[in-house]
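For reference, the structure discussed in these notes is given below.
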Amino acid sequence: MQKGQGTDNRRARQRALMIAAGPDQADFSELTELLRTARVAVAGEMFQRRAVPDPDRYFGKGKLAELKAEIAARDANVVVCDDELFSRQERNLETELGTPVIDRTAVILDIFADHAGSAEGKLQVELAQLEYNLSRMRGLWQHLERLGGATGGGVATRGPGETQIETDRRLARNRIADLRRRLEGAKGTRATMRAERERAALPTVALAGYTNAGKSTLLNALTGSEVEVRDRLFHTLDPATRSFDISGRAYLLTDTVGFIRKLPHQLVQAFGATLEEALGADLLVHVADASADEEELRAMLGAVDDVLDETGAGDRPRLLALNKVDVLDAERRRELTFRFPRAVQVSGETGEGLAELRDAIEARFLATLLPMELLVPYADGGRLSELHDVAGDMEREDTAEGVVVRARVPASAVARFERYAVNTTNGSSG
Ligand SMILES: Nc1nc2c(ncn2[C@@H]2O[C@H](COP(=O)(O)OP(=O)(O)OP(=O)(O)O)[C@@H](O)[C@H]2O)c(=O)[nH]1
Ligand SMILES: [Mg+2]
């Protein structure tokens, strides 16, 4: 997965000083991980306690002088802020410090750009980066330069060329429109693939969760496949779908991009279509890293819920899988059982709890079937075998108008049979 040697050397030369401001002491561990993933060295950190960051300079005046001294003392050559900065804050900071300043969003976008594999993933990341740059009045030249990968810093830093900004903005808007059109096209292809899957009538399960929670590891453990697993953030960007069996019924399982706190909204938007597609599954398995401490676990669960809500998947039937329990002692496991009584404790690494996870997936899936009563005219008799494929066993009765059937239909297939419905009751549970 190594990029060119040049990329690594360039990144290795970047030494970041991390900054944050807010009412509570910042935890820099996640930003450290993000920078590690982006292959940027960490030279130090600085936090200022204040109710809200300064709207013009992020830090207060005095703290800025301190920061400047720290940059020199630690031999840092880039400042990375753990919040998304206004472009005004970023510009002023760069002027006062004489060092490139980037924010958390830029780092995440950079990692996504580096990890995107599929053609669609690349388009999505490019769209997100352009919108981010456009909103910060950065030039397109810089964007193109980064795509070419020839020069520039490891993570995107501002350069000269501000004078060209207007032309660039127009070019950027054209490029954005072009990317949107191409992504629409990709969406059409996916819709066709989904229609095929629906005809195949397989129930779908999607793994969602915080980055590095172990989604790909679980996908591999459940399906016996070999999706790549790495201890780095946002390793998986493109949904990977595999099939597996529970009690003789085949399911499709999809691995999705990881979430993170303060996930850049440009990315949520750009990945919206693929996420929507994956998260429209019959069941979402929310995978969480249970080896995290209590506070971190709560924050990660909340961040995932937020993104699920944002993508409109908040109301899908959901199952919580607490992963990595192999590293927990009995007491912590009991605490987790008490706090999350409906969750399954599992380890993708050791295979512990996988049987329970399969049972829970099956039980949840069966509970999402909607009981339907249909009247299928004899002329449409062919639809009955189609229904049988999706619904399994069903009761049928021949009447003068046609066949009356009572069946339990997967939510994803309801639309296909709705026009025959005579008496549908909504029996789903969440
Ligand atoms: N101890 C332990 N480690 C695990 C377990 N599952 C995954 N890991 C480790 O956690 C790290 C991340 O695993 P992945 O499966 O790549 O996580 P992911 O959720 O797919 O991550 P992204 O694709 O980056 O969002 C790897 O180093 C795994 O080896 C587990 O059950 N126990
Ligand atoms: Mg993954």
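Where a number appears in this text, it was derived from the coordinates with a stated rule and is not lab data. Predicted model only: the values in this text are computed from it and were never measured. Glycine gets a Cβ as well: all are built from the backbone with ideal geometry, and neighbour counts include every protein chain shown.
Under a plain spin-label model, where a point goes 7 Å from the Cα along Cα-to-Cβ, how far apart in nm are D393 and A73?
For D393 paired with A73, the spin-label model returns 7.4 nm.
For region 397-407, just list the computed ³J(HN,Hα) in residue order, Karplus coefficients 6.51, -1.76 and 1.60, θ = phi - 60°, integers in Hz, with x standing in for Gly and Pro.
Once rounded to whole Hz, the list reads 8, 8, 10, 5, 7, x, 8, 9, 10, 10, 9.
Taking every pair of Cα atoms in the chain, average 1/r, invert it to obtain the Kirkwood radius, and report Rg/Rh to two decimals. Walk me through the numbers before you get to the answer.
Numbers: Rg = 25.1 Å, Rh = 24.1 Å.
That ratio is 1.04, to two decimals.
How tilted is helix 382-391 with respect to the longest principal axis of the chain? Cα atoms for both, answer in degrees (0 to 90, nearest 10).
Between helix and principal axis, roughly 60 degrees.
Nearest 5 percent is fine: what portion of the DSSP beta bridges confined to the chain is antiparallel?
The antiparallel proportion sits near 40 percent.
Apply the Karplus curve 6.51 cos²θ - 1.76 cosθ + 1.60, θ = phi - 60°, to the phi angles in region 357-374 and return the couplings in whole Hz, x for Gly and Pro.
In residue order, the calculated couplings are 5, 4, 4, 5, 4, 5, 4, 5, 5, 4, 6, 8, 5, 9, x, 10, 10, 10 Hz.
Which residue fluctuates the most in the chain, going by a Gaussian network model with Cα springs under 10 Å, if the choices are L308, L67, L279?
L67
First measure r as the distance between the Cβ atoms of T350 and R173, then evaluate 1/(1 + (r/R0)^6) with R0 = 45 Å and state the FRET efficiency to the nearest 0.05. Spell out each step's value before the answer.
Working: r = 51 Å, r/R0 = 1.14.
Between T350 and R173 the formula returns 0.30.
Between region 272-319 and region 337-353, what is the C-alpha centre distance in whole Å?
16 Å
Under the 0.36 nm per residue contour assumption, what length would be gained going from the current alpha-carbon distance of S87 and V52 to full extension?
Working: separation 35, 0.36 × 35 = 12.60 nm, distance 1.66 nm.
Value of the extension gain: 10.9 nm.
Which order do the peptides 259-270, 114-125 take when ranked by the mean count of other beta-carbon atoms within 10 Å per residue, highest first? Let's see the in-between values first.
On the way: 259-270: 20.4, 114-125: 18.6.
Ranking the peptides 259-270, 114-125 by packing returns 259-270, 114-125.
For a quick check: with amide H placed at 1.01 Å from N, whose amide H comes under 5 Å from V409's, ignoring anything fewer than 5 positions away on the same chain?
Residues meeting the amide H criterion: L370, M372.
Based on the Cα atoms of region 263-402, what semi-axes does the equivalent ellipsoid have, where each is the square root of 5 times one gyration tensor eigenvalue, given in whole Å with the largest first? Provide the component values of the computation, followed by the final result.
Details: eigenvalues 301, 90, 26 Å².
For region 263-402, the ellipsoid semi-axes come out as 39, 21, 11 Å.
Can you pull the one-decimal nm distance between simple spin-label points at R334 and E296, each 7 Å off the Cα toward Cβ?
Simple spin-label model gives 2.4 nm for this pair.
Going down the table (K215/K262; K68/K122; K63/K122; K187/K324), which pairs top 28 Å between alpha carbons?
Numbers: K215/K262 20 Å; K68/K122 37 Å; K63/K122 39 Å; K187/K324 35 Å.
Beyond 28 Å between Cα atoms: K68/K122; K63/K122; K187/K324.
Leaving out same-chain residues fewer than 8 places away, which aspartates and glutamates sit with a Cα under 17 Å from that of K61?
Straight-distance partners of K61: E70, E90, E94, E96.
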